[in-house]
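Single-structure report; data block below.
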Amino acid sequence: MGKTRSCSISDGDLKTRADRKFDKKVQFYETIRNAVAQKSIAKEKKQRKRSRQKKLKAYDLSSLSDFLPELKAPKETRPTEFKLNSKTRNNLVFKENNQLKIVINHPTFQSDPLGAIYQHLQNTQPAMDEKPKRKDTKTVKKKAKGKKSKALSGTQSMEI
């Protein structure tokens, strides 16, 4: 890419034609290198944008809204942040106190308090859908063998 011969310049200000050509060539390669780098960066950004758009299209469920029934406007809910200052704490204590009085005076609670609490929890808590954990069959067999051998040795000692 460079010069073919190296000439010594006696005067620092004067450049030979070959030096000027070489400088021009270096400058050209530098601009090409910068242009390629910028283009690769732009291409990478474009690919990221395209992949993001594809992901968004995959999660676009607006077409389903045509088939679903219209919902009524949801009721206004309390704000998610609940500041507990003295006024709100007093209101909360007052409400809970009234609720406790109602529960204590309820005939079902008076007749069977634990049963009423259990029934309340059954009605208000979501059902558990967890599958029971499987026991390792190898350890179960070993335990069963150990119990059988102990039981056999115990009955033999009683017979003697």
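Taking every protein chain into account, the 1.4 Å probe leaves residue 118 with about 140 Å² of accessible area, to the nearest ten. The modelled label-to-label distance between residue 40 and residue 120, using points 7 Å beyond Cα along the C-beta direction, is 6.9 nm. The modelled label-to-label distance between residue 100 and residue 47, using points 7 Å beyond Cα along the C-beta direction, is 6.5 nm. Other residues lying with their Cβ under 13 Å from the Cβ of residue 29 contribute a combined charge of +2, Lys and Arg counting +1, Asp and Glu -1. Put a dot 7 Å past the Cα of residue 111, heading toward its Cβ, do the same for residue 14, and the two dots end up 12.2 nm apart. With θ taken as phi - 60° and the Karplus curve 6.51 cos²θ - 1.76 cosθ + 1.60 applied, the whole-hertz 3J(HN,Hα) list for the range 91-102 is 4, 5, 5, 4, 5, 5, 5, 4, 5, 5, 4, 5 Hz, x standing for glycine and proline.
The values are calculated or read from the model by the stated rules, or taken from the named source; none is laboratory data. Since the model is a prediction, treat every value here as computed from it, not as a measurement. Note that each Cβ is placed from the backbone with ideal geometry, even for glycine, and that neighbours are counted across all protein chains shown. The protein model used for the area step is the full one, side chains on, heavy atoms only, and it has no ligands, DNA or RNA in it. Shrake-Rupley method; radii C 1.70, N 1.55, O 1.52, S 1.80 Å.
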